[in-house]
Amino acid sequence: MAFFSLKNFLKAFLFISVLGGFSYYVVGKIQYRQNIMSFEEYNPPSTLVVHENKITRAKYPFIDIHNHQFDMPVKDLSDLTAEMDSLNMAFMINLSGFRGLYLEKCLKNVKENAPNRFGLFVNLDWEKIDEDDFAANNLKILRQAKRDGAMGLKVYKGLGLTDVDKNGQRIAVDDPRLDPIWAECGRLGFPVLIHSAEPPSFWLPKDKNNERWLELKQKPNRYRDPAKVPSFESIIAEQHHIFEKHPATTFINAHLGWIGNDLDRLGAHLDRYPNVMTEIGAVLAELGRQPRRARKFLIDYQDRVLFGKDAYNVKEYYTYFRVLETEDEYFDYYRKRHAYWKMYGLGLPDDILQKLYYKNALRILPSIDQSLFP
């Protein structure tokens, strides 16, 4: 019994603590002597001397088609609109409008405090797909949302990836029970901004050959085990199937359709589906690393691409402006796990910038106040 006394416990704890601290110190010294560091730590300032044009305000008023303000029912919109003014953001689409009372509160806040600065997209609950009145209820939600002032439907990545029916089976993006919803959006003039799948690298082995290795290390839940999750190609094939089945509905394929790393393929995709737009939210890094090809793509498809940011952060917009508006070379993206590579400016012509910033969005969302734009 004496062996387990408090005194002996404290001695053992002290010994282990000292040994652990000493080991940590020795390992640190060895790493320093051997020049060992993590990939996260290695981030040397560039010695390259190049012109810099750091922009904090867009050249033209812009519409952010892809934003999330999850607290909009209770948010003080005055601070947010002041930030938008500083960026020259004329209008923001909050894709997280949800439905029911939440959507009502969002719309009420906007109408009372900033009626010409925000638009709401409604969201649906796909996991109720087995209910007998699923289609009827959702058509009712869409029609009421339209009457109340919502502007479109946002489809989260859960559809096709993690949403399941009552039997635990994955709900495919092109499940035929969803066809009435896509068709109704077309009748209502409701664009459907749809995020399907994830970056294809999330399905690849988490090793030195995966350019998303750092993201998968820092965010391990983003890995998609091919043995458990349908392939990237199968999920986007389901998405493309609904584009084909519903040519009268305008779809906005989010995040450059996750094929911004292959702009030839993305161009062919837009050629095949004239009812599809796309947007650049969270994938600017794909364009910034291939400036000549990306510039040509945005000129060739100048009527099909929208401005979007996704996660709201004022300072991160500055990188968007710099990539789109300047011809700067070799500058940092704002998040290393998304782009350990450098950015290059595209130097887009003014007429292309205007279409990307606001004209294309006004064409598919004509209820936005046009007096906000030149």
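In table form, for the structure just shown:
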item	result
All lysines inside 18 Å of Lys157 as judged from Cα atoms, apart from same-chain residues fewer than 8 positions distant	Lys128, Lys219, Lys228, Lys309
The range 198-326: C-alpha gyration tensor shape, a/c 1.5 cut-off, then a/b vs b/c	oblate
Helix 291-300 axis, angle to the chain major axis (alpha carbon atoms, nearest 10°)	20
For Val155, distant residues with modelled amide H under 5 Å away	Leu193, Ile194, His195
Rounded to the nearest 20 debye, dipole of the range 159-275 from Cβ charges on Lys, Arg, Asp, Glu	400
Positive-pole candidate from Leu103, Ala285, Gln354, dipole of the chain, charges at beta carbon	Ala285
Size descriptor, Kirkwood hydrodynamic radius, that averages inverse alpha-carbon separations across the range 252-315, Å	11.8
The chain: angle of helix 77-87 to the longest principal axis, Cα-based, in degrees nearest 10	90
Gap separating the Cα centres of the range 270-307 and the range 41-76, nearest whole Å	18
Residue-averaged [θ]222 nm for the chain, counting only DSSP H segments that reach four residues, each worth -39500 (n - 2.57)	-12000 deg cm²/dmol
Listed residues Met89, Met343, Met37, most fluctuating in the chain (Gaussian network, C-alpha, under 10 Å)	Met37
All-pairs Cα distance distribution in the chain, expressed in whole percent, bin size 10 Å	5, 20, 28, 23, 11, 7, 5, 1, 0
Dipole magnitude (debye, nearest 20) for the chain, charges at Cβ of Lys, Arg, Asp, Glu	1000
Signed unit charges on C-beta, dipole axis of the range 62-372, positive-most listed residue Trp341, Pro199, Thr250	Trp341
Proximal lysines to Lys315, defined as alpha-carbon separation beneath 22 angstrom and excluding residues fewer than eight positions away on the same chain	Lys54, Lys59, Lys75, Lys336, Lys342
Backbone N under 13 Å from the Tyr273 label point (7 Å along Cα→Cβ), restricted to the range 188-221	192-197
For the chain: relative contact order, % (alpha-carbon pairs under 8 angstrom, 6 or more apart)	17
Crossing angle, helix 314-325 versus the chain [Cα axis fit, 0-90 degrees, rounded to tens]	70
Mean separation of Cα contacts under 8 Å (6+ apart) over length of the range 112-165, as relative contact order %	53
Extension gain (nm, one decimal) between Phe13 and Glu131, 0.36 nm per residue minus Cα-Cα	36.6 nm
The chain - share of DSSP beta bridges that are antiparallel (%, nearest 5)	10
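Each reported figure results from applying straightforward, stated rules to the coordinates on display, with no laboratory input. What you see is a predicted model; the values in this text were computed from it and never measured. With ideal geometry, Cβ positions are generated from the backbone for all residues, glycine too; neighbour counts draw on all protein chains shown.
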